[in-house]
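Have a look at the structure below before the remarks.
The values are calculated or read from the model by the stated rules, or taken from the named source; none is laboratory data. These numbers were taken from a predicted model, which means no experiment stands behind them. Cβ sites come from the backbone with ideal geometry, for glycine too, and all protein chains shown count toward neighbours. Only protein heavy atoms, including side chains, enter the accessible area calculation; ligands, DNA and RNA are left aside. Shrake-Rupley method; radii C 1.70, N 1.55, O 1.52, S 1.80 Å.
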Amino acid sequence: MQRRAALALALLAAPLATLAAEPVKVGFLVKQAEEPWFQDEWRFAEQAARDKGFTLVKIGIPNGEKMMAAIDNLAAQKAVGFVICAPDVKLGVAVNRAAKRHGLKVMSVDDQLVDGAGKPIADIPHMGISGYEIGKQVGQGLLAEMKARGWKPDEVGVLRVAFDQLPTARDRTMGAVDALKAAGVPAANVVDAPQAKTDTESAFNAANIAFTKNAKFKRWVAFGLNDEAALGAVRAAEGRGIKHDAMLAIGIGGSQTAMNEFTKPTPTAFYGTVLISPKRHGYETAVAVYEWATAGKQPPAVTLTSGTLMTRQNQAELRKQMGL
Ligand code: FCA
């Protein structure tokens, strides 16, 4: 008898227990899931989910249509909110509207969402890098190595792999241009190579065109919004016989794209990168959305993170320091 009563109680309690154990879900949507930076962000967001006890739902959103479907999908799964790096920052109003309609908290990472007039959307909290400052570090890193090699500021071609429709991309590359100009590199030496997407292949194509049009330069420095952009320029230069003794590129990121270059037995023209933190961006944004939705803790409106110049020489030590 006693055993039967216990069993009945257990059965009664079962649905309740399942309800209580239903984990909170937080989405993490990224524009370029195949890029190592975003893989790293996801990895650290997963770590946050384990530490805090929520479930992370990762979805790649290469275009606006997939992005809208992903937000609906999160709502159908009863997620409480999401972190997003959108395929186009001008989709900001659509993101905000969809999140509000479904009662989801939303925070942006890396690329700040803007409204129709190009103004940041104030009620979507954001964590990104300090683009202009980090760009200046790229420029200063290039200048230091130019000096070490005895290259004169007025003899180098400056290849800016550009993606100006994305404000952080423009800030980053203009920071580098300004640092170079401040050190005496003539504005006329700056060659823009607009890329169609923010991956290596697009940068390669853009750089190829720019090199063809500007064959007068025998020495080059190059950069773009990320490591993939810098690497595309390096590969295009190699294809034209411009090797690491005549070319210097510094990226931004420090994920696997950069590590692959640094661990090659012979140095390539991919001289360095400004290491930024996928750990902070992935972990902290996921926790912020979770705590916002479950504890009413509003994230700060804007958080900007910094970077450190990383080369073959200091990569192992730096990555360790950053917990990577
Ligand atoms: C943008 C770029 C990424 C990465 C990130 C921090 O989203 O496209 O490559 O640099 O900012």
Within region 22-40, of all residues that are touching a strand residue (DSSP E or B) at 6+ places or on another chain (Cβ under 6 Å) and part of a loop (DSSP other than H, G, I, E, B), the one farthest from the ligand (Cβ to nearest atom) is Pro23
Taking region 193-210 on its own, how many of its residues are touching a helix residue (DSSP H, G or I) at 6+ places or on another chain (Cβ under 6 Å), open to solvent by less than 70 Å² (accessible area, probe 1.4 Å) and not small (Gly, Ala, Ser)?
-> 4
Is it the case that region 285-305 has a residue that's at positive phi and either modelled with pLDDT under 95 or away from the ligand (no atom under 16 Å from the Cβ) (or both)?
-> yes
Could you tell me whether Thr308 is touching a residue at least 12 places away in the same chain (Cβ under 8 Å), surrounded by fewer than 19 Cβ atoms within 10 Å (Cβ to Cβ), in contact with a Gly (Cβ under 9 Å, 6 or more places away or on another chain) and not acidic (Asp, Glu)?
-> yes
Being modelled with pLDDT of 95 or more, farther than 23 Å from Gln137 by Cα and within 16 Å of the ligand (Cβ to nearest atom), is that true of even one residue in region 265-273?
-> no
For region 48-155, please list each of the helices (runs of 4 or more DSSP H) lying entirely inside it that holds at least 3 residues being without any contact (Cβ under 8 Å) to a residue 40 or more places away in the chain, under 30 Å from Val221 (Cα atoms) and within 16 Å of the ligand (Cβ to nearest atom).
-> none
Residue in region 188-210 that is farthest from the ligand (Cβ to nearest atom), counting only those that are in contact with a strand residue (DSSP E or B) (Cβ under 9 Å, 6 or more places away or on another chain) and over 15 Å from Ala229 (Cα atoms) = Asn189
Exactly one of Arg280, Arg319, Arg240 is more than 14 Å from the ligand (Cβ to nearest atom), open to solvent by 50 Å² or more (accessible area, probe 1.4 Å) and among the charged types (D, E, K, R), and that residue is Arg240
Within region 225-232, is even one residue closer than 21 Å to Arg319 by Cβ, open to solvent by 60 Å² or more (accessible area, probe 1.4 Å) and touching an Asp or Glu at 6+ places or on another chain (Cβ under 9 Å)?
-> no
List every residue pair whose Cβ atoms sit under 8 Å apart, with the two residues 6 or more apart in sequence or on different chains, where the first one lies in region 188-201 and is outside any strand (DSSP E or B) and the second, anywhere, is open to solvent by 90 Å² or more (accessible area, probe 1.4 Å).
-> Asn189/Asp154
Does Tyr271 fit the bill of being touching a helix residue (DSSP H, G or I) at 6+ places or on another chain (Cβ under 8 Å), of a type in the set (Ser, Thr, Tyr), closer than 27 Å to Glu155 by Cβ and not in a loop (DSSP other than H, G, I, E, B)?
-> yes
